[in-house]
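Contents: one structure, followed by commentary.
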Amino acid sequence: MSTQMRVEDAEGSRYDSLVRALRPRTPDVPIRQRTADLLYDAEMGNRELVGVLAGAEEAVFYSSRTRYVAAVELTDVGPNLGAARPLGQAVGDANAAFDRVDDQWAWTNPRLDG
């Protein structure tokens with residue numbers, strides 16, 4: 001198996017597990033897939049998706065620019081990035097974001113060590 005195929009399989013598995021974690025929010029698979037796509041789209045630039053909290057009502061992002069961890073409400077049109085709930089600041093990296101969250105996780109980014 002080529003390295004590219006392994007990377008594509010890992011990304012597909014990551015995506016599928018995220019779609020499953022969004023199930024409490026909606027049983028409709030196409031809506032969960034769209035929400036997962038929007039979460040990945042929001043991960044651009046200096047934002048990294050850390051995970052989705054239990055109940056799938058909020059996602060947690062880390063900003064490398066501001067070194068801030070925030071919970072973002074998930075709405076029917078995707079993550080509401082403008083109304084983030086701060087969870088901590090002066091966080092060294094995305095892996096340290098796990099220390100700032102007291103809630104249970106429904107899904108965590110497998111690229112992180114949390």
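Taking only the range 76-111 into account, find how many residues are surrounded by fewer than 14 Cβ atoms within 10 Å (Cβ to Cβ) and more than 24 Å from Tyr15 (Cβ to Cβ).
Qualifying residue count for the region: 9.
Filter the range 32-63 down to the residues that are small (Gly, Ala, Ser) and open to solvent by 70 Å² or more (accessible area, probe 1.4 Å) and list them by number.
Residue satisfying the conditions is Gly45 alone.
Name the single residue, out of those in the range 64-75 being without any contact (Cβ under 8 Å) to a residue 24 or more places away in the chain and charged (D, E, K, R), that is surrounded by the fewest Cβ atoms within 10 Å (Cβ to Cβ).
Arg65
Given the conditions (1) at pLDDT below 90; (2) under 15 Å from the mean Cα position of the chain (by Cα), which single one is not true for Asp99?
Status for Asp99: all satisfied but (2).
Any residue that is in contact with a strand residue (DSSP E or B) (Cβ under 7 Å, 6 or more places away or on another chain) and farther than 19 Å from Gly88 by Cα - is there at least one of those in the range 59-73?
No.
So which of Leu87, Leu81 ends up being over 16 Å from Trp105 (Cβ atoms) and in contact (Cβ under 8 Å) with a residue 24 or more places away in the chain?
Leu81
The values are calculated or read from the model by the stated rules, or taken from the named source; none is laboratory data. Everything numeric here is computed off the predicted structure, so don't read it as measured data. Every residue, glycine as well, gets a Cβ built from its backbone with ideal geometry; the counts of neighbours run over all protein chains shown. Surface areas here come from the heavy atoms of the whole protein model, side chains and all, with no ligands, DNA or RNA. Shrake-Rupley method; radii C 1.70, N 1.55, O 1.52, S 1.80 Å.
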